[in-house]
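The values are calculated or read from the model by the stated rules, or taken from the named source; none is laboratory data. The shown structure was predicted, so the numbers you read here are calculated from the model rather than taken from an experiment. Don't worry about glycine lacking a Cβ; one is built from the backbone with ideal geometry, like all the others, and counts go over all protein chains shown. These accessible areas exclude ligands, DNA and RNA; they are computed on the full protein's heavy atoms, side chains included. Shrake-Rupley method; radii C 1.70, N 1.55, O 1.52, S 1.80 Å.
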Amino acid sequence: MKTVNIAKLIGIALIAMLGLVFLSFSGVLGSASKYTTFTEAKKSGGSVHVVGQWVRRNQAHYDIDNDIFSFYMQDTSNVVSMVQYHDPQPINFETADKIVIEGKYLGEVFDAERILMKCPSKYNKDEFTIEEAKSS
């Protein structure tokens, strides 16, 4: 019968736990996206969040063949950019007070992976609800 050194087992377990903690934090930090403007988003080239409002409503378009909803959005620094979202127009998009898009620039067009809408609550005029739409 072999004897097991308890100290070695505890040491191995601690090293394994520290490794798992490190991997989970590095994954979370690496995938974190920051809030920015369209100008900064173009420079970064990475995935970011941009807050703004829908503008040029008459120029919004849904391309059925390619499943792309495109619209213009103005960010908090008043820069307007075309946004493409690879799904139909989200429900309640037209009533949203503010829009948060997550994605990155592909050329001159912002490619949104997710759209969050801050909509006025229909129950309390001072409250807002947030609705999320994800590209499939």
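Being hydrophobic (A, V, I, L, M, F, W, C) and under 17 Å from the mean Cα position of the chain (by Cα) is the filter here; which residues of the range 72-91 pass it?
Met73, Met82, Val83
Just name the residue that is surrounded by the most Cβ atoms within 10 Å (Cβ to Cβ) out of those in the range 83-100 that are among the hydrophobic types (A, V, I, L, M, F, W, C) and over 17 Å from Asp67 (Cβ atoms).
Only one residue fits best here, namely Ile99.
Report yes if Val109 is at pLDDT 85 or above, open to solvent by less than 70 Å² (accessible area, probe 1.4 Å) and in contact with a Leu (Cβ under 6 Å, 6 or more places away or on another chain), otherwise no. First the steps, then the outcome.
Values: at pLDDT 85 or above: yes; open to solvent by less than 70 Å² (accessible area, probe 1.4 Å): yes; in contact with a Leu (Cβ under 6 Å, 6 or more places away or on another chain): no.
Against the criterion (at pLDDT 85 or above, open to solvent by less than 70 Å² (accessible area, probe 1.4 Å) and in contact with a Leu (Cβ under 6 Å, 6 or more places away or on another chain)), Val109 does not qualify.
Condition first: modelled with pLDDT under 85, farther than 22 Å from Met117 by Cβ and open to solvent by 80 Å² or more (accessible area, probe 1.4 Å). Can you find one or more residues in the range 30-43 that meet it?
yes
Before we move on, is Lys8 closer than 30 Å to Glu108 by Cβ, at pLDDT 75 or above and open to solvent by 100 Å² or more (accessible area, probe 1.4 Å)?
no
Read through the list (1) assigned to a loop (DSSP other than H, G, I, E, B); (2) within 15 Å of Cys119 (Cα to Cα); (3) of a type in the set (S, T, N, Q), then give the number of the only condition that Asn66 fails.
Exception for Asn66: condition (2).
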